[in-house]
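Trainee: Sending over a structure as structure tokens; questions will come in a sec.
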Amino acid sequence: MENTQFKNIKPAGAPSQEKKKRRGAVSEYKKSLVEKQSLKRLYGLSERQFKRYVLETLGKMGRVENVSDELICRLEKRLDNVVFRLGFSKSRSHARQLVNHAYFLVNGKPVNIPSFQVSKEDVIAIKETKKKKMVFQDLALIVKKLEPPVWLNLNKEKFECVVVGQPSLAEVNPPVEISLIFEFYSR
């Protein structure tokens with residue numbers, strides 16, 4: 001005798017017989033939203049932080065020649081991002097945590113603010129007391145293989161860096177279309 005009660009129940013993981021619904025063309029809004037979200041997530045920022053960076057950059061529209069370059073420059077010069085670019089951490093979120101716990105000195109003073117903007121001639125170093133921590137155990141090998149950005153001059157023996165220039169959009173080459181991000185916030 002066949003049990004008809006469970007005839008319409010599919011086994012777990014079985015593919016559906018229903019056809020997928022067709023979707024229309026992707027709207028301009030969605031394109032700009034996706035670009036904004038991807039850059040925001042790339043740098044590990046909250047919506048509030050990211051929006052502030054974009055709106056401040058848009059405010060400089062007439063004073064700077066390239067607003068896209070200015071936005072990337074501001075994001076790249078964050079202390080947590082610099083720590084990541086120098087190879088002192090595995091990810092930007094890890095760098096953010098290390099900065100929060102005051103593992104780094106900027107010009108000889110401890111800084112625990114991830115959004116701290118480094119400027120030309122700033123010296124970034126790991127605190128002597130923190131160099132022996134487990135986090136930095138394999139740092140010599142990692143830093144030896146790493147080629148830091150041209151705007152950062154890294155001393156691979158002392159694990160110390162001097163900011164010698166400005167990051168550029170061409171050098172960073174983010175995987176997003178920045179003009180769509182400005183379009184998103186200009187609505």
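Trainee: Quick one, which of [x] 19.4; [y] 16.4; [z] 18.3 is the actual Kirkwood radius over Cα pairs in Å calculated for this model?
Mentor: Of the labelled values, this structure produces [x].
Trainee: For a protection proxy built on the mean count of beta-carbon atoms within 10 angstrom, sort 151-158, 177-184 highest first, please.
Mentor: 177-184, 151-158
Trainee: Going 7 Å from the Cα of Lys130 in the Cα-to-Cβ direction, what parts of region 153-177 have a backbone nitrogen less than 14 Å from that spot?
Mentor: Correct set: 159-161.
Trainee: Cβ neighbours within 10 Å, averaged per peptide: list 34-42, 130-138, 83-91 in order, most packed at the top.
Mentor: Top to bottom by mean Cβ count within 10 Å: 83-91, 34-42, 130-138.
Trainee: Explain nothing, just compute: Karplus ³J(HN,Hα) = 6.51 cos²θ - 1.76 cosθ + 1.60, θ = phi - 60°, for every residue of region 133-140 in order, whole Hz, x for Gly and Pro.
Mentor: 5, 4, 4, 9, 4, 9, 5, 4
Trainee: For the chain, what is the calculated [θ] at 222 nm in deg cm²/dmol (nearest 500), taking -39500 (n - 2.57) for each run of four or more DSSP H residues and dividing by its residue count?
Mentor: Numbers: 8 runs with 73 residues, N = 187.
Taking each H run of at least 4 residues, the total per residue is -11000 deg cm²/dmol.
Trainee: Hey, another quick one. Normalised by the residues of the chain, what does the relative contact order come to in percent, with Cα pairs under 8 Å and at least six apart?
Mentor: 24 percent
Trainee: Along region 104-114, what does the Karplus equation 6.51 cos²θ - 1.76 cosθ + 1.60 (θ = phi - 60°) give for ³J(HN,Hα), rounded to whole Hz, x for Gly and Pro?
Mentor: Along region 104-114, the couplings run 10, 10, 10, 6, x, 10, x, 10, 10, 10, x Hz.
Trainee: While we're looking at this one, here's another question. Between Glu147 and Lys90, how high is the FRET efficiency from 1/(1 + (r/R0)^6) when r is the Cβ-Cβ distance and R₀ = 25 Å? Nearest 0.05. Please report the intermediate quantities before stating the final value.
Mentor: Details: r = 17 Å, r/R0 = 0.69.
So the FRET efficiency works out to roughly 0.90.
Trainee: If you don't mind, there's one more thing I want to ask. Once fully extended, how much extra length lies between Asn112 and Glu157, figured as 0.36 nm per residue of separation less the alpha-carbon to alpha-carbon distance?
Mentor: 13.8 nm
Trainee: If you place +1 on the Cβ of every Lys and Arg, -1 on the Cβ of every Asp and Glu, and leave all else neutral, what size is the dipole of region 30-166 about its Cα centre, to the nearest 20 Debye?
Mentor: The dipole magnitude comes to about 520 debye.
Read-outs: derived from the displayed coordinates by stated rules, not from any lab. Since we're looking at a predicted model, the values are computed, not measured. Cβ atoms come from the backbone with ideal geometry, glycine included; neighbour counts cover every protein chain shown.
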